[in-house]
Amino acid sequence: MLGSKFVYVTYIRTTPEKLWHALTTPEIIKQYRFGMNVESEWQVGSEWRMYADGSLIDSGDILESVSQKRLVMSWLNEWKPEFKAEGNSRCVYEIEPTGTSTKLTLTHSIERADSKFIRAVADGWPMVISNLKSLLETGDVALVYHRGGGD
């Protein structure tokens, strides 16, 4: 495939069941995704939508959903015109038990060379996955991000 790809691998001291639950439960997603609201049935063919402060940020469809193993979503950025113009990307979560931990491999790709969107998610995903890992292992997120003015 000629395109752009971001891959992130981490090991989380949790079970595949708890990781799957965290990836598909809106109340938990909101904690590690900096207050974003996510809506989906998480079944093949269902839509998913992510909102920040009531505004649609990202959307797509669930392409594969194998509980505790694999979740594949089409992904369209809705808030930045230059990202939206690139079209749909693909986000894959792969979950593998590894002893007392669970391996999470996240792959976000698009069939476009030198994608501005994939460059942007390459900055964002490590923060999101770090928060997910920290939340599952300690009960607290690692990073708190505030939208808007100031730093």
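The values are calculated or read from the model by the stated rules, or taken from the named source; none is laboratory data. None of the values given here were measured: they were computed from a predicted structure. Here the Cβ is made from the backbone with ideal geometry for all residues, glycine too, and neighbour counts use every protein chain on show.
Within segment 99-123, the only residue that satisfies the criterion of being modelled with pLDDT under 95 and assigned to a helix (DSSP H, G or I) is Asp123. Of all residues in segment 91-109, one or more are free of Cβ contacts under 8 Å to residues at least 40 places away in the same chain, closer than 19 Å to Thr25 by Cα and of a type in the set (A, V, I, L, M). The number of residues in segment 60-95 being surrounded by 15 or more Cβ atoms within 10 Å (Cβ to Cβ) and of a type in the set (Asp, Glu) comes to 4.
Please verify whether segment 130-146 includes one or more residues that are of a type in the set (Asp, Glu), closer than 21 Å to Trp20 by Cα, touching a helix residue (DSSP H, G or I) at 6+ places or on another chain (Cβ under 9 Å) and surrounded by fewer than 16 Cβ atoms within 10 Å (Cβ to Cβ). Yes.
Checked across segment 69-85, the condition of being of a type in the set (S, T, N, Q) and either part of a strand (DSSP E or B) or touching a residue at least 24 places away in the same chain (Cβ under 8 Å) (or both) holds for at least one residue.
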